[in-house]
Amino acid sequence: MSVVDVKDLRVTFRGGSREVRAVHGVSLAVESGEVLAIVGESGSGKTVTARTMLGLLPETAAVSGAVVLSTASDGSVDVVAVTGSRLRELRGRDVSMVFQEPSTALNPVYTVGWQIAEGLRAHGRLSRAEAKRRAIDILRVVGIPDPETRVDHYPHQFSGGQKQRIVIACALVQRPGLIVADEPTTALDVTVQAEILDLLRRLRDELGTAIVLITHNMGVVADLADRVAVMYDGEVVEQADVRTLFASPQADYTKALLAAVPRVGARTQERRRAVSSATPVVEADRVEIEYAGRFGRRAFRAVDGVSFRIAPGEVLGLVGESGSGKTTIGRAIGGLTRATGGSLKVLGTEMVGFSERAFKPLRADIGFVFQDPAASFNPLLTIADAVAEPLVIHGRARSTAQARPRVDELLEAVQLPRAYGDRFPHELSGGQRQRVSLARALALEPKLVIADEPTSALDVSVQARVLELFAELQSSLGFACLFISHDLAVVDLLADRIAVLYHGKLVEEGDAAEVLGSPQHEYTKRLLESLPVPDPVEQAARRAARTS
């Protein structure tokens, strides 16, 4: 019997006089101990389908069809047909959800033990001691070290990977038959991602938990899924077991989706530009960056003796896990964080002890592309205002109206219609917003662009288009670039050289083909081993080799 059986599901959102069809005629089934991956680009309907399984759609949603959920107490129930207290009984006990961003899913003012026990208290009378005991047990199951102590810690005291484990613990504490995991590894480094995937696999194998996995990472699909459903424009266009789908995709959209997946080594045969002998745009010599301690605590050294160069027109890929110091280095180069030791020269200016007044004229030569385009734009400004802002600030134009010809030129350069300048950020898709972010970064024709995880939140097909555009613009305009990422396959597409950071230290640097093809440091090897490849057969072999 299926744990969940979705039959001819249709979801329409009503807003004023408009109706938006989000899901149209979707039918899926998930067996006990099975992982079903639902993939597709933003707007395909995959998250709406998943949220319907928990009755988490807003009141503006009109739902028809059936979502039959197997329950522990009374056989099965149609989630679409129940509301109120009955729906609350199902959530947590029979079906739970693992949300994409653990930092927003966890309440910062309560301990993690309290938050795990909250679900237990909602479904039965438990003493405080019993609830805490079960919270400790589930923390141990998901691999949190020293659970007896950590149960009383707050979310900010855990790393990103540990917070995701805690979110999984919250979902698992009542042993539901079905877990819906919505992009559970998107924001995680590849090494942490591998640990979370191993945990989900263990839950499937040892507890028989059924998992519905929503993701745009085809490597994750190849690593974890048993079956795959591909959605496009609200419909399931293809459904097959994971090996069949990767080996012989039938739908044109599935073929395009798989073709867009970046692979390590795909570009190594066609590189590489000769490195310029001109004065480096960035020159770091044993640079150190420390954050002062508070309340008597010791200072924290985020970057420890790092040396590298970025030549004019060169792309340096800076990789490493969270906390390795890569974003701190990017911010120091842009003058947003102070380097405290060694030497860091940017466009000929020493950044250790620099004067803001002296550095301000050079800011026009540095462009930033941020990780989250939605958060980097003022929602009250139009796209034209956002792109014109650096031109106005640096005196290249007196107003947006005067800068509009340049804004239109930039929008066309990033392959967006100039009419988009009159829209607001929320009216654009994620990929379109990232293109606008790129246009804004290039508005002043900078000599250096700092791109901090610019594609990590994008779907694989959108990511491919943005990366292709980025490479074209970099080649034609010739700006130097520090490209920060934890995705080695993405870095491989763009970088001339790669620098690997680990705990604030530079452990390996060299030509991209050499670093990825023949890594020397153990950490670099571990990064490559942890990166899931979009091939279920190869990935199974890699996983077996890693765990042997």
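Tabulated data
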| quantity | calculated |
| --- | --- |
| Label point distance in nm, Ala540-Glu19, each placed 7 Å from Cα along Cα→Cβ | 4.5 |
| Average silhouette area of the range 276-517, convex hull of alpha-carbon atoms, in square nanometres | 13.9 |
| Using θ = phi - 60° and Karplus 6.51 cos²θ - 1.76 cosθ + 1.60, couplings along the range 477-488 (whole Hz; Gly, Pro as x) | 8, x, 6, 6, 8, 9, 9, 9, 7, 9, 9, 5 |
| Cα shape, the range 427-480, gyration tensor, a/c 1.5 rule | prolate |
| Share, in percent, of DSSP beta bridges within the range 2-259 that are antiparallel, nearest 5 | 60 |
| Summed side-chain charge close to Gly75 - residues other than Gly75 whose Cβ falls under 15 Å, Lys, Arg +1, Asp, Glu -1 | -3 |
| Amide proton proximity set for Glu508, modelled H, under 5 Å, gap of 5+ | Val500 |
| Using alpha-carbon coordinates, inclination of helix 160-172 to the longest axis of the chain, degrees | 10 |
| Whichever lysines have a C-alpha closer than 19 Å to that of Lys345, once near sequence neighbours (fewer than 8 apart) are set aside | Lys326, Lys360, Lys447, Lys505 |
| Shape category assigned to the range 470-548 from the gyration tensor of Cα positions, a/c cut at 1.5 | oblate |
| Dipole of the range 2-259 [Lys/Arg +1, Asp/Glu -1 at C-beta], most positive-end residue of Ala247, Val230, His24 | His24 |
| Residue-wise HN-Hα coupling along the range 286-292, computed from phi with Karplus coefficients 6.51, -1.76, 1.60 (Hz; x: Gly, Pro) | 6, 5, 10, 9, 10, 9, 5 |
| Spatial separation of Cα centroids for the range 158-172 and the range 518-535, in angstrom | 24 |
| Amide H partners (placed H, <5 Å) of Glu183, local residues excluded | Ile214, Thr215 |
| Magnitude of the charge dipole, the chain, Cβ model with Lys/Arg +1 and Asp/Glu -1, debye to 20 | 1340 |
| Per-residue Cβ neighbour rank within 10 angstrom, fewest leading, Thr185, Thr340 | Thr340, Thr185 |
| From phi via Karplus (6.51, -1.76, 1.60), per-residue ³J(HN,Hα) for the range 527-538 in Hz, x at Gly/Pro | 4, 5, 5, 7, 6, x, 9, x, 8, x, 5, 5 |
| Principal-axis tilt of helix 190-207 within the chain, Cα atoms, nearest 10 degrees | 10 |
| Two-decimal Rg to Rh for the range 2-259 - Kirkwood Rh, Cα set | 0.97 |
| Nearby lysines by direct alpha-carbon distance to Lys7 (threshold 21 angstrom, same-chain neighbours under 8 apart not counted) | Lys46 |
| Globularity ratio of the chain, using Cα Rg and 2.2 N^0.38 Å | 1.02 |
| Ascending count of other beta-carbon atoms within 10 Å, so fewest first, for Glu235, Glu522 | Glu522, Glu235 |
| Over the chain: helical MRE at 222 nm, DSSP H runs n ≥ 4 each giving -39500 (n - 2.57), nearest 500 | -10500 deg cm²/dmol |
| Long-range amide H partners of Val3 with built H, under 5 Å | Val30, Glu31, Ser32 |
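Bear in mind that the values in this text are calculations on the coordinates, not laboratory data. Predicted model only: the values in this text are computed from it and were never measured. Please note: Cβ atoms are built from the backbone with ideal geometry, for glycine as well, and neighbour counts cover all protein chains shown.
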